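Enquirer: I'd like to ask you about the structure that follows.
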Amino acid sequence: MTALTDAPLTMLDGRETTFAEFADRVVLVVNVASRCGLAPQYEQLEDLQKRYADRGFTVLGVPSNQFLQELSSEEKIAEYCSTTWGVTFPMTEKAKVNGKKRHPLYQQLVETPDHGGKAGPIMWNFEKFLVLPSGEVHRFRPTVLPDARPIVELIEANLPR
């Protein structure tokens, strides 16, 4: 298995990179979907982005239609996120988060257990993985809000003062 930093990423605008671009930052990786009932979490994700971006934090949105709740094209996703939620954080193109064609980033992330000790497939949209600069990963299930105390405390504890 390749290192997390080697995972290839194609951004929403088509730019090719790898997860290494974010390796020195605290990154909250979230599989997002525009038509999901949890989509209001975009607001909290953007709030975190604005609050901590200048200290070395970023949200990385990964649109996925795995649960049949994402828009049809990268352009529509970008427009929806920008106009509805004011999203400024980076986002990748649509990706599979489960199954045989699971994105390489998620092939590694799903190995991380949640606070209850369960690893494995993504359960639903808006599952969160907080990746620290050390490479340590923390997993939060979809119903854990982005601004929940355990997430915010981990972000703040791992950012430069």
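FYI, it's all coordinate maths here, none of it is from the lab. Here the structure is a predicted model, which is why all the values come from computation and not from measurement. Here the Cβ is made from the backbone with ideal geometry for all residues, glycine too, and neighbour counts use every protein chain on show.
Enquirer: Which residue, 58, 92, 18, has the most motion in a Gaussian network model of the chain that connects Cα atoms within less than 10 Å?
Expert: Highest fluctuation among the options: 18.
Enquirer: Taking a ≥ b ≥ c as the square roots of the eigenvalues of the Cα gyration tensor of segment 122-161, is the shape rounded (a/c under 1.5), prolate (a/b larger than b/c) or oblate?
Expert: Here segment 122-161 falls in the oblate category.
Enquirer: Counting other beta carbons within 10 Å of each Cβ, put 103, 115, 138 in order, fewest first.
Expert: 115, 138, 103
Enquirer: Based on the Cβ-Cβ distance from residue 123 to residue 13, what FRET efficiency comes out when R0 is 22 Å, to the nearest 0.05?
Expert: 0.15
Enquirer: Here is a follow-up. Determine the sum of side-chain charges near residue 92: Lys and Arg each +1, Asp and Glu each -1, restricted to other residues whose C-beta is under 13 angstrom from that of residue 92. Don't jump to the answer; show the numbers that get you there.
Expert: Values: positive: 15, 94, 96; negative: 13, 16, 21, 70, 74, 93.
Overall, the nearby charge balance is -3.
Enquirer: So for the chain, if I pair up every lysine 8 or more residues apart or on another chain, how many of those pairs have alpha-carbons under 30 Å apart?
Expert: Pairs that pass both the separation and distance tests number 18.
Enquirer: Quantify how much of the Cα-Cα distance distribution of segment 2-161 extends past 18 Å, in percent.
Expert: I get 55 percent for the Cα pairs in segment 2-161 exceeding 18 Å.
Enquirer: Could you check what % of the DSSP bridge pairs in segment 4-157 are antiparallel, to the nearest 5?
Expert: If we restrict to bridges inside segment 4-157, about 55 percent are antiparallel.
Enquirer: Give a residue-ordered list of calculated ³J(HN,Hα) values for segment 93-108 (Karplus: 6.51 cos²θ - 1.76 cosθ + 1.60, θ = phi - 60°; whole Hz; x for Gly, Pro).
Expert: Whole-Hz 3J(HN,Hα) from phi for segment 93-108: 5, 4, 9, 7, 9, 9, x, 4, 9, 4, 4, x, 4, 6, 4, 8.
Enquirer: In whole Hz, with x marking every Gly and Pro, tabulate ³J(HN,Hα) for segment 81-92 from phi via Karplus 6.51 cos²θ - 1.76 cosθ + 1.60, θ = phi - 60°.
Expert: Each residue's phi maps through the Karplus curve to give 5, 6, 6, 7, 10, x, 5, 10, 6, x, 9, 8 Hz.
Enquirer: For a label point 7 angstrom out from the Cα of residue 136 toward its Cβ, which stretches of segment 1-41 have the backbone nitrogen within less than 16 Å?
Expert: Only 24-28 pass the distance filter.
Enquirer: Report the residue, chosen from 125, 98, 31, that carries the largest GNM mean-square fluctuation when the chain is represented by alpha-carbon nodes joined by springs under 10 Å.
Expert: 98
Enquirer: Which value, in debye to the nearest 20, gives the size of the charge dipole of the chain about its Cα centre, when Lys and Arg are +1 and Asp and Glu are -1 at the Cβ?
Expert: Dipole of the chain, to the nearest 20 debye: 440 debye.
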